[in-house]
Amino acid sequence: MTTIEKLLVLQDRDRKIRSLTQETVDIPARKKLIDDRMRGHRDAVAKIHDDMKRNMADTNEVELEITSRRQKILKLRDQQGQIKTNQEYRAIENEIATIQQQIRETEDREIVLMEAAEALRTQLALAEQTQKREQSSVESDMQSLDARLANIEAEISQVKAEREKILPDIDAGWLARYQRIFENKGDFAMAPVEGGSCGGCHMRLPPQQVHLARRGTDMVPCSFCGRLLYTPAF
Ligand SMILES: [Zn+2]
């Protein structure tokens, strides 16, 4: 194996470690998004329940109001029976008419409340349905995310062990250069020559660099991005 071939194997392991490590950050973030969405559904259902409770309390209050006004009318009718003058009789008649008008207004309010209750029941059914539907898919998503997370640590240690095994075999000078570039670039340190251009930065390479890279014996850094050039074996 040439140094370049060894570095390509090393780079493969390094990239695996990097992406696995990224997953250990991404998975908890995805789980949190799912949790937030489910909390949103629960909050929506709880809010409708609150609105329903308030609606029921308001309806009870309105019904009590109507009952007490009807009782008041019955009392006034009783009084009318014992009254002597027409004037007094009419005064009570007027009072009853006023109360009847109030009852009609209260009944209108009750109808509005009943319609609101009906709308809330529909809303609740919909919200609960959405919540239930998502809950089942969320549970299996969460389980596979947890399983993945549990596996990643083991995978990382395995790839790290493979990496350690390769290291002593690689020339120290090349290795140091490779590691510095790999850290700096955030993607890869070894760049293939592709059609006379650097596969890392895509700049056109001087023919001399292409030629040297083809020989595969010297360290040939791209003169634009510094990545180490190699000619892919096809
Ligand atoms: Zn380059």
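Away from the ligand (no atom under 15 Å from the Cβ), under 30 Å from LYS32 (Cβ atoms) and among the β-branched types (Val, Ile, Thr) - does that describe any residue in region 141-153? Yes. Among the residues of region 155-171, those that are of a type outside the set (D, E, K, R) and over 17 Å from PRO221 (Cβ atoms) comprise ILE156, SER157, GLN158, VAL159, ALA161, ILE166, LEU167, PRO168. Summed over region 170-228, the residues that are over 22 Å from SER19 (Cα atoms), within 15 Å of the ligand (Cβ to nearest atom) and among the charged types (D, E, K, R) give a count of 2. Candidates GLN158, GLN179, GLN143: the one that is under 35 Å from the mean Cα position of the chain (by Cα) and surrounded by 11 or more Cβ atoms within 10 Å (Cβ to Cβ) is GLN158. If you check LYS160, LYS165 for being of a type in the set (Lys, Arg), under 29 Å from ILE27 (Cβ atoms) and without any contact (Cβ under 8 Å) to a residue 12 or more places away in the chain, only one passes: LYS165.
FYI, it's all coordinate maths here, none of it is from the lab. All of these numbers come straight from a predicted model, not from anything done at the bench. Note: ideal-geometry Cβ built from the backbone for every residue, glycine included; neighbour counts use all protein chains shown.
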